[in-house]
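Each reported figure results from applying straightforward, stated rules to the coordinates on display, with no laboratory input. Just so it is clear, the structure is predicted and the values come from calculations on it, not from any experiment. Positions of Cβ are backbone-derived with ideal geometry, glycine not excepted, and every protein chain shown enters the neighbour counts.
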């Protein structure tokens, strides 16, 4: 959970995604084994594929003011965040 929060993924999204992967025996939607869940989680965040993103698309909220497309973390942002955590 701490890792997900550190990369700006909500506790709810982290929990739901973890449960989905466990239910699928650690295979993704293409039936490919998930070998590095941390990288997969970042990829899902960057491609707007987390549970909250899927719900927003399903509910037609893609154009609403409440939906924000996730942004890719810039190298400088990442470096500053890492410095703040030291």
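The simple spin-label model puts a point 7 Å past each Cα toward its Cβ; for residue 10 and residue 55 those points are separated by 0.6 nm. When peptides 25-32, 37-44 are ranked by their average number of other Cβ atoms within 10 Å per residue, the highest-first order is 37-44, 25-32.
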